[in-house]
Amino acid sequence: MSEPTENREGPAPAAAATSGATIELENLTKRYPGNPNPSVDDVSMEIKAGETVVFVGPSGCGKSTTLKMINRLIEPSSGRIRIGDEDVTDMDPVKLRRKIGYAIQSSGLFPHMTVAENIALVPKMTGWSKSRVKDRVEEMLDLVGLDPREFHGRYPRQLSGGQQQRVGVARALAADPPVLLMDEPFGAVDPITRDHLQDELIRLQHELHKTIVFVTHDFDEAIKLGDRIAVLRERSHIAQFDTPEAILTNPADDFVSGFVGAGAALKRLNLTRVRDVEIADFPTVSVDDPLQQIFNTLRAGQGNELLMLDRRGRPYKWLRRGDLMRAKGSLARAGQLVHDTVTRDATLHDALEAVLTDSGGRVAVTGRRGEYIGVVDMETLMNSVHEMLEADRLTAAEHAHDLEELRHHRTERDLEGLQEGTGGS
């Protein structure tokens, strides 16, 4: 695992006091000189306070332009923008941007500034005291799972891509804005890191309750992150604006169906989290335990495998009975390294992928600092899939029954009308 993983376990760090604000877009339009058609055409939308809304659509449809008009990085040609109770369409755009968090692809960190200086930038500009800024930097680093002592003085070039994105999110949240705009923020990192960053955002949102508007071209990412998804056509015309469940089960038209793609039932695995299924106990030992103690733990258990934890309580190696028999006094080369873990905020799709690539058919679940919590196995995941499919089947049967009753009542009314028209003969 290339990045520290996060979770909602244990006490959360001190979180920002300001929660989200409503966003209202009224007839928002953007025209560029020389182009006969608007890039964004008459978009109206209400986003609830504390909600995560994801804009998804084909390249060039105007989703990033719409996002950037909210903080007026791009000035609208016409229309209104309201955040909370305030019409921000005509206010000073610089002051507006200081009240809105903004995170982009490749983090957008200033390379000549340290991590701490990048995070402190907006709080300093808004007049926070030095002591308050210092405390906030440490709080933000802790919030995104980076040790302040280790990362405070580093420069962006000394960070991995995933760490840079975490710092970018910390900077966006540093001044405690009610609104966070995110323009494909995880598009430039590898798939495993991307999954972990998505989980991290879900955890942060659970704690902070900001209003998040997120742009992506990846429908699976939209399903995973969004409370609601706005599927956008050309010029940001809204094809469907609804919950992930509603879009997956009842796409509005062929355009939306094309975005959903094949395997809608499997995509529903992105709607359920690991925290929603049973997380089992598993026998564990520490890397510092004597060999004889490890033998005794294995004998006392019912299986033939242990999970070895490192000195910080994180999953390190899977140890089988045969590994111990061949150890000859040292476990240095014994066992199989833990290559992947999931957090409680990971989706069942993430967990299933991890389990399928693991020879033992299970995956370790970790907490805020990557510490071991338990395991999820194939049987648990398959039971959840069967329950989901059965629920879908029952819903479909109820829907069919309702339609049949509706047809029956219409037929009865038609017959009654016919009888009345013929004098009841």
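The values are calculated or read from the model by the stated rules, or taken from the named source; none is laboratory data. These numbers were taken from a predicted model, which means no experiment stands behind them. Positions of Cβ are backbone-derived with ideal geometry, glycine not excepted, and every protein chain shown enters the neighbour counts. When the accessible area is computed, the model is the full protein with side chains, heavy atoms only, and any ligands, DNA or RNA have been set aside. Shrake-Rupley method; radii C 1.70, N 1.55, O 1.52, S 1.80 Å.
For the range 22-38, the set of residues classified as outside any strand (DSSP E or B) and either open to solvent by 30 Å² or more (accessible area, probe 1.4 Å) or closer than 17 Å to Met91 by Cα (or both) consists of Thr22, Arg31, Tyr32, Pro33, Gly34, Asn35, Pro36, Asn37, listed by residue number. Looking at the range 243-352, the helices (runs of 4 or more DSSP H) lying wholly inside it that each contain 1 or more residues that are under 30 Å from Ala222 (Cβ atoms) and free of Cβ contacts under 8 Å to residues at least 60 places away in the same chain sit at 244-249, 254-260, 264-267. The single condition among (1) modelled with pLDDT under 95; (2) farther than 21 Å from Val40 by Cα; (3) out of contact with any Pro (no Cβ under 7 Å at 6 or more places or on another chain) that Lys99 does not satisfy is (3).
Per-residue answers, yes or no, for (1) modelled with pLDDT of 95 or more; (2) assigned to a helix (DSSP H, G or I); (3) open to solvent by 10 Å² or more (accessible area, probe 1.4 Å):
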| position | (1), (2), (3) |
| --- | --- |
| Leu181 | yes, no, no |
| Glu207 | no, yes, yes |
| Val213 | yes, no, no |
| Ile223 | no, yes, no |
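Among residues of the range 129-156 that are more than 26 Å from Gly367 (Cα to Cα), those with a Cβ under 9 angstrom from a residue that is in a helix (DSSP H, G or I) and open to solvent by 70 Å² or more (accessible area, probe 1.4 Å), sequence gap 6+ or separate chain, pair up as Lys130/Lys124; Val133/Lys124.
Taking (1) buried (at least 16 other Cβ atoms within 10 Å of the Cβ); (2) of a type in the set (A, V, I, L, M, F, W, C); (3) touching a Gly at 6+ places or on another chain (Cβ under 7 Å); (4) within 30 Å of Lys317 (Cβ to Cβ) in turn, Ala280 satisfies each apart from (1).
Test Arg233 against the stated conditions and say whether it is touching a residue at least 12 places away in the same chain (Cβ under 8 Å) and open to solvent by 60 Å² or more (accessible area, probe 1.4 Å). When the stated conditions are applied, Arg233 passes them. For Asp85, the criteria (1) within 25 Å of Asp142 (Cβ to Cβ); (2) under 28 Å from the mean Cα position of the chain (by Cα) hold in every case but one, which is (1).
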